[in-house]
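Below is one structure, written out as structure tokens; comments come after it.
The values are calculated or read from the model by the stated rules, or taken from the named source; none is laboratory data. Fair warning: this is a prediction, and the values are worked out from it, not measured in the lab. Positions of Cβ are backbone-derived with ideal geometry, glycine not excepted, and every protein chain shown enters the neighbour counts. Accessible surface areas use protein heavy atoms only, side chains included; no ligands, DNA or RNA. Shrake-Rupley method; radii C 1.70, N 1.55, O 1.52, S 1.80 Å.
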Amino acid sequence: MGSFSENLTNRKVIRFLWLLILSTVVTQSYTVINAAVMGRYLDPYALAVIEACAACLSMESYFFVSTTTGFSFYLNRCIGSGNAKRQREAFWGSLIICGFMILAGFILSLITEPVMSLANIPDSMRDVAAPYLRIILLSGGFWGLENFLLQMVETLGESRVPAVLSVAGTIGKTFLTVALVIWCGLGVEASALAILTEYLGTAAILLFWILRKEKGKELLRAPCVPSRPVWAELFKNGCVKSGMMMIIGVGAFILKRQVNTLADDILVGYAYGVIPANLFMNSLAALAVAAGLITGQNEKNQRNVVRYWNRKLFLWSLTGCAACIVAVLVFAPQIICFLAGDGLSDTALWAGCLILRIQTCALPFVCLYMIARNSLQALGSYRILPVLGAMEAGVSLLTAWIFIPRFGYPAVCWSVAVKWGIPALTGFLVYRRRTSVPADHGFQGEGSG
């Protein structure tokens, strides 16, 4: 697509979006296939082991992936400013920090037992969960590097390469998982090995692609150490993004600890229910990516243009939300049974359908939340992001400490809509106010604090 700052048309934006949505759907389809393989060739409880580790995986994502996403927001603004030196420094600074993240992932993989105890993983699952969790923790730094390079390619206006890599990576990851489970006799750790392999392969290909582009050659022309203001902005953007997500993650982690105390059948149903719900949510997240890019690269600072496109993106998202809601209200049991295969108990089926229907019906809140949040960070409104994260975490904590002990599993499901609805409405109000004031690039006073 090239640039998001001028000559925007429906055709250009839709062309970018459909490739990004396609790549997301293909990427998320691995989770669906993985669930079907685990349910048929191992047993339905194998997926419950992975879901029991989900809190650890979420915290890893909130740190490694969210931090590098924050870097991409700053780099996106640097490109919008046209400052070549600052762009190169931001790129190299991000790569240096990614190197330290890889080291951090290796250290985390050495302390699996304390992590499982902290996550309250049931004792009956720990022997199976340990090798899976060890590999997942090791892959965290590579996940962050892959995410940064992917965001970099998208910042340059290219959505075809991520789409192609998502298709190829998902096919390879799926084949490797099936081969390791069926032919090599591995358990749930097969899924983790396939994921790590994909991160490594995708990062290598993305780096090679960037090196072949003129803009990439310009950024990589000579290694450089970022100046103090650039380091400050990288840490500010990375810490704000990861800090917001870590606040959310603490609440989600404590909530997941409480969920892990529920019956095994409930955990199995929950694990199968969130898979299609997350598929819908992550696919619609492409519109939030576009919102952040359009807002960040608004070189002329035309707030009316920003508001026009973000409003249009949200209205487009409502169409997708409506289709997903209708599908799960009608076909939720069939979707769960397709994933789990035979042997799923009635309790597990009920638990899966409940979380799938409620989380899908909350999708409009999610879309509003993501579009407002990405736009606010692209505009340099950092302070509100931890507040939004605290709102989401607060609902999770109340659910874990008060509502689950009293109402049980239904409280887990209903909390999803509440924890997204409150920060979504708050973020939207702040976004409306922020886009109504005179603009600046957000570079004034860099390094001043």
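Can we say residue 153 is among the aliphatic types (A, V, I, L, M) and either surrounded by fewer than 19 Cβ atoms within 10 Å (Cβ to Cβ) or farther than 28 Å from residue 76 by Cα (or both)? No: the conditions fail for residue 153. Selection within the range 45-68: residues that are open to solvent by less than 20 Å² (accessible area, probe 1.4 Å) and of a type outside the set (A, V, I, L, M, F, W, C). The member of this set that is nearest to residue 133 (Cα to Cα) is 60.
Restricting 171, 195, 182 to residues that are more than 30 Å from residue 83 (Cβ to Cβ), part of a helix (DSSP H, G or I), of a type in the set (A, V, I, L, M) and without any contact (Cβ under 8 Å) to a residue 40 or more places away in the chain narrows the list to 171.
Being farther than 30 Å from residue 291 by Cα, surrounded by fewer than 22 Cβ atoms within 10 Å (Cβ to Cβ) and of a type in the set (Lys, Arg) is the requirement here; does residue 160 meet it? For residue 160, the condition - farther than 30 Å from residue 291 by Cα, surrounded by fewer than 22 Cβ atoms within 10 Å (Cβ to Cβ) and of a type in the set (Lys, Arg) - is not met.
Just one residue in the set 366, 387, 418 is under 25 Å from residue 317 (Cα atoms) and free of Cβ contacts under 8 Å to residues at least 24 places away in the same chain; that residue is 418. Give the residue, chosen from 108, 133, that is within 26 Å of residue 48 (Cα to Cα) and open to solvent by 10 Å² or more (accessible area, probe 1.4 Å). Matching residue, one of 108, 133: 108. When the range 252-271 is filtered for residues that are at pLDDT 85 or above, part of a helix (DSSP H, G or I) and either over 30 Å from residue 72 (Cβ atoms) or small (Gly, Ala, Ser) (or both), the ones remaining, listed by number, are 257, 258, 259, 265, 266, 267, 268, 269, 270, 271. Every condition in (1) free of Cβ contacts under 8 Å to residues at least 60 places away in the same chain; (2) open to solvent by less than 10 Å² (accessible area, probe 1.4 Å); (3) among the hydrophobic types (A, V, I, L, M, F, W, C); (4) closer than 30 Å to residue 34 by Cβ holds for residue 103 except the one numbered (2). Restricting the search to helices (runs of 4 or more DSSP H) fully inside the range 352-449 and requiring at least 2 residues that are at pLDDT 90 or above and open to solvent by less than 40 Å² (accessible area, probe 1.4 Å) gives 363-378, 384-398, 409-434. Scanning the range 202-211 for residues that are small (Gly, Ala, Ser) and open to solvent by less than 30 Å² (accessible area, probe 1.4 Å) turns up just one, 203. As for the range 213-223, it holds no residue that is closer than 30 Å to residue 413 by Cα and crowded, with 20+ Cβ neighbours inside 10 Å.
Taking the numbered list (1) buried (at least 17 other Cβ atoms within 10 Å of the Cβ); (2) in a helix (DSSP H, G or I); (3) modelled with pLDDT of 85 or more in turn, residue 121 passes all entries but (2).
Does the range 291-334 hold any residues that are of a type in the set (Gly, Ala, Ser) and either touching a Leu at 6+ places or on another chain (Cβ under 6 Å) or loosely packed, with under 14 Cβ neighbours inside 10 Å (or both), and which are they? The answer is 291, 317, 320, 322, 323, 332.
Taken over the range 17-74, the criterion of being aromatic (Phe, Trp, Tyr) and either touching a residue at least 12 places away in the same chain (Cβ under 8 Å) or touching a helix residue (DSSP H, G or I) at 6+ places or on another chain (Cβ under 7 Å) (or both) is satisfied by 30, 41, 45, 62, 63, 64, 71, 73, 74.
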